[in-house]
1. Could you derive backbone 3J(HN,Hα) for segment B:42-51 from the dihedral phi with the Karplus parameters 6.51, -1.76 and 1.60 (θ = phi - 60°), listing whole Hz in sequence and x where the residue is Gly or Pro?
2. Once phi is turned into ³J(HN,Hα) by the Karplus curve 6.51 cos²θ - 1.76 cosθ + 1.60 with θ = phi - 60°, what whole-Hz value does each residue of segment B:102-117 show in order, with x for glycine and proline?
3. Return the whole-Å distance between the Cα centroid of segment A:1-70 and the Cα centroid of segment B:26-66.
4. Please identify every one of the chymotrypsin sites (Phe, Trp or Tyr not before Pro) in segment A:92-167 that sits in a loop by DSSP and has no more than 12 other beta carbons within 10 Å of its own beta carbon.
5. Quick one: net charge of residue B:135's neighbours, Cβ under 14 Å, K/R +1, D/E -1?
6. What's the longest bit of chain B with no exposed trypsin sites (Lys or Arg not before Pro), using DSSP loop states and at most 13 other Cβ atoms within 10 Å as the test?
7. With runs of 4+ DSSP H residues as the only contributors, calculate the mean residue ellipticity of chain A at 222 nm using -39,500 (n - 2.57) per run, divided by the residue total and rounded to the nearest 500.
8. Relative to the longest principal axis of chain A, what angle (0 to 90°, nearest 10) does the C-alpha long axis of helix A:175-189 take?
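Please treat every number below as a calculation from the coordinates, not as lab data. Keep in mind that what you see is a predicted model, and the values were worked out from it rather than measured. Don't worry about glycine lacking a Cβ; one is built from the backbone with ideal geometry, like all the others, and counts go over all protein chains shown.
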Amino acid sequence: MIFFQLFYTFFQIGLFGFGGGYGMLSLIQGEVVHHWSWMSTSEFTDIVAISQMTPGPIGINSATYCGYTAVHNAGYGEAMSVMGSCVATFALVLPSLILMILISKLFIKYMKTPVVQAIFTGLRPAVVGLLAAATLLLCTKENFSAPSENAWQFWVSVFLFVATFIGTLVFKINPIKMIIMSGFAGLLLLY
Amino acid sequence: MNIYWQSFRTFFKIGMFTLGGGYAMIPIIEAEVVDKHKWVSKEVFLDLIAIAQSCPGVFAINISTFIGYKLRKTPGAIACALGTALPSFIIILLIAMFFHRFQDNPVVASIFRGIRPAVVALIAVPTFRLAQSAKITWSNCWIPIACALAIWMFGVSPILIILIAGLCGWVYGAVIKPTE
């Protein structure tokens, strides 16, 4: 039953999604693309792009969209797909809600104990690894094409990757601006 | 005005007008919650950011839940979390319902062929930013590299990596650190 699977999956993602929206993306990708095969890598990349361009937290945006796409791809109609996005979003938010209420009620004094601090010390480098894995897993033929398949599209893709990377990391260009410019480049060069 | 309605509206506004995800929301939440409505003090807000950052889940939801709970316990927490999530939910739903009709349009397809490599780069950038704030150096860079390779090459679940990393941190703090 896809709705139970969606709930279970996104509850898990909400519970283990450390490191903000981007850290969560590698979890979402692992589950919806690789584990359940609800969508292709390029569909997932499109969802990430749209989640970045629209207002609101990236985690919520992508959960809503993934819930819709997963049910839609399973062959259900519009209403069921809307239910899918409700379930995914609710399941993602629920652990935060429970956890933060518990913390504000009881555990605020435990947050600074050596044990909790030690656990976070272990988590931090791993979350960096999670993000790196998300990047590597998205470097596919679906997103970049391949030199043997379509050399022109491949090199344009590599150029757009490098330009966006340097643009945001070094020149601090707004990511949304980079997405819009890349979309324009795609229209001009890859139509 | 009813405090539930007021806090819901405030977070709805924050959710609706912040582009770029959780961290871009901090200054806007601060302006509304600390300066305008005075629901929490500046000091409490800073502690709150630290706690919300170390907890799992969506950062903006964590913060709004916390503030809602401070205002009116659990119902307040639910009102604020709902306010934060709802604008995203509605906007994305509308896009999702219409986008799959245009997906196969050649113009839209070519635009997304250009966008996809850029998105991969946008996920690569925070990897390096996060590495700096997590104090990754030459001596401990094997940890993120090993985690990334385990997921990428061997298909290990990221959730398993999180669990193991937390456990290792705990063992390190309990066993190894006291002897150093």
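1. Along segment B:42-51, the couplings run 4, 5, 4, 4, 5, 4, 4, 4, 4, 5 Hz.
2. So the J values, rounded to whole Hz, are 9, 3, 8, 4, x, 5, 4, 4, 5, 4, 6, 5, x, 6, 4, x.
3. Measuring centre to centre over Cα atoms gives 24 Å.
4. Values: sites: A:107, A:110, A:120, A:144, A:152, A:154, A:155, A:159, A:161, A:165; in loops: none.
For chymotrypsin sites (Phe, Trp or Tyr not before Pro) across segment A:92-167 that sit outside H, G, I, E and B with at most 12 neighbouring Cβ atoms in 10 Å, the list is empty.
5. Working: positive: A:124, B:129; negative: none.
Taking every other residue near residue B:135 into account, the sum is +2.
6. Details: sites that count: B:38, B:135.
Longest stretch, sites excluded: B:39-134.
7. Working: 9 runs with 149 residues, N = 191.
Calculated mean residue ellipticity at 222 nm is -26000 deg cm²/dmol.
8. Tilt of helix A:175-189: around 30 degrees.
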